[in-house]
Amino acid sequence: MSRYCQLVIGPAGSGKSTYCDAIQKYGQAVGRTIDVVNLDPAAEYFSYDALADIKDLISIDDVMECDDLKLGPNGGLMFCMEHLSENFHWLRDSLGEVEDDYILFDCPGQIELYTHSPVMKLLVEELKNWNFRVCSVFLLDSQFLVDPFKYVSGMMCALSAMVNLEVASVNVLSKIDLLDKKSKKEIESFLSSSAKDFLLNSSKDSIAGKKFQKLTSTIASVVDNFSLVQYVPLNIKEEKSIDDLLIFIDNSIQYGEDIEHKENRAEDFEGDEMNRSLG
Ligand SMILES: Nc1nc2c(ncn2[C@@H]2O[C@H](COP(=O)(O)OP(=O)(O)OP(=O)(O)O)[C@@H](O)[C@H]2O)c(=O)[nH]1
Ligand SMILES: [Mg+2]
């Protein structure tokens with residue numbers, strides 16, 4: 001039995017919940033069932049239809065109101081996610097056991113969840129045990145790329161999430177529709193050039209001096225040499241852009257190939273049956 005999922009991760013406000021909603025709606029339009037699970041215990045509102053909601057297990061308000069714990073919003077969130085990791089059976093029961101299901105997990109925006117904490121890694125392991133092929137989809141606001149310093153920091157976050165989670169990873173540049181023409185052109189040229197060229201060109205007028213240039217160049221070389229972080233742009237307002245991205249992600253978890261293979265096998269089987277009954 002094969003099952004497929006995307007762990008939708010990325011910094012706060014990068015567009016994770018909006019992405020889940022758009023992909024689910026796109027699925028409905030093309031006759032494909034894509035379920036979404038909310039794993040953000042602080043999410044008060046989301047516009048997609050949720051197959052499951054972590055708030056049914058634990059909510060951040062309950063944790064913060066607990067006088068014994070004395071936790072603030074970030075500590076409270078980590079507490080909720082650890083509680084989830086001790087109660088994965090809740091998630092397994094909520095998902096059911098459906099063959100070829102395709103699920104998006106809308107995750108919280110606290111970046112330490114993907115870089116320091118073992119919780120998401122434990123979740124990945126558990127999903128694999130339940131026969132899921134997992135792809136992490138790291139969303140980064142495209143505004144980050146317009147500024148080289150933000151770009152380095154975003155790239156490092158994406159990289160440490162990739163290394164920590166050890167699954168197929170796709171990095172998505174979100175909110176492309178908000179960019180003006182000039183920024184869109186800059187992003188296009190960045191996507192078609194190496195990280196090193198982009199960073200050196202963008203920071204050549206920097207007042208930070210030679211040492212900084214050298215550091216920038218070394219970081220970018222690491223990224224380029226190992227093809228570590230590549231970005232796929234997403235304009236959520238354009239169907240073609242969603243389609244292209246979904247094909248890219250599906251390929252990384254072999255979604256289409258498996259289904260096609262099964263359909264071919266089913267057709268072969270029907271053909272054999274027909275030959276047998278004719279013969
Ligand atoms: N124009 C535009 N706005 C977007 C897009 N994606 C997200 N937004 C807006 O950006 C804000 C944050 O989006 P969310 O989807 O809530 O971001 P998030 O990553 O789920 O945020 P957290 O759950 O708080 O980490 C909202 O006001 C969205 O409407 C996009 O592709 N285009
Ligand atoms: Mg969200």
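We did not get these values from a lab; they are worked out from the coordinates using the rules stated. What you see is a predicted model; the values in this text were computed from it and never measured. Cβ: placed from backbone, ideal geometry, glycine included. Neighbour counts: every protein chain shown.
For region 35-109, what does the equivalent ellipsoid look like in terms of its semi-axes, each the square root of 5 times an eigenvalue of the Cα gyration tensor, given largest first in whole Å?
Its equivalent ellipsoid spans semi-axes of 24, 13, 9 Å.
Taking LYS211 as the anchor, which lysines have their alpha carbon closer than 20 Å to its alpha carbon, excluding any fewer than eight residues away along the same chain?
The reachable lysines, counting only those whose Cα sits under 20 Å from LYS211, are LYS150, LYS196.
Just the C-alpha atoms of region 113-255: what Rg/Rh do they give, with Rh taken as the Kirkwood radius?
When Rh is taken as the Kirkwood radius, the ratio is 1.00.
Rank-order 103-115, 85-97, 126-138, 29-41 by packing density, defined as the average count of other C-beta atoms within 10 Å over each peptide's residues, highest first.
103-115, 126-138, 29-41, 85-97
Quickly estimate the mean residue ellipticity at 222 nm for the chain, helices only: each DSSP H run with n ≥ 4 gives -39500 (n - 2.57), and the total goes over all residues, rounded to 500. Display every interim value, and only then the final one.
Details: 13 runs with 153 residues, N = 279.
The helix-only estimate for the chain comes to -17000 deg cm²/dmol at 222 nm.
Which of the lysines could a cross-linker span from LYS25 if the Cα-Cα distance has to be under 20 Å and same-chain partners fewer than 8 positions apart are dropped?
By straight Cα distance, LYS25 reaches LYS16, LYS175, LYS237, LYS240.
Can you pull the three principal axis extents for the Cα set of region 78-149, in Å, largest first?
Largest first, region 78-149 extends 44, 30, 16 Å along its Cα principal axes.
With an 8 Å cut-off on Cα pairs and a minimum separation of 6 or more residues, tell me the relative contact order of the chain in percent.
Here the relative contact order equals 21 percent.
Can you give me the Cα centroid spacing of region 13-34 and region 61-76 in angstrom?
Rounded to whole Å, the Cα centres lie 32 Å apart.
Evaluate E = 1/(1 + (r/R0)^6) for SER217 and GLU257, where r is the Cβ-Cβ distance and R0 equals 41 Å; express this FRET efficiency to the nearest 0.05. Don't jump to the answer; show the numbers that get you there.
On the way: r = 39 Å, r/R0 = 0.95.
Once rounded, the FRET efficiency stands at 0.55.
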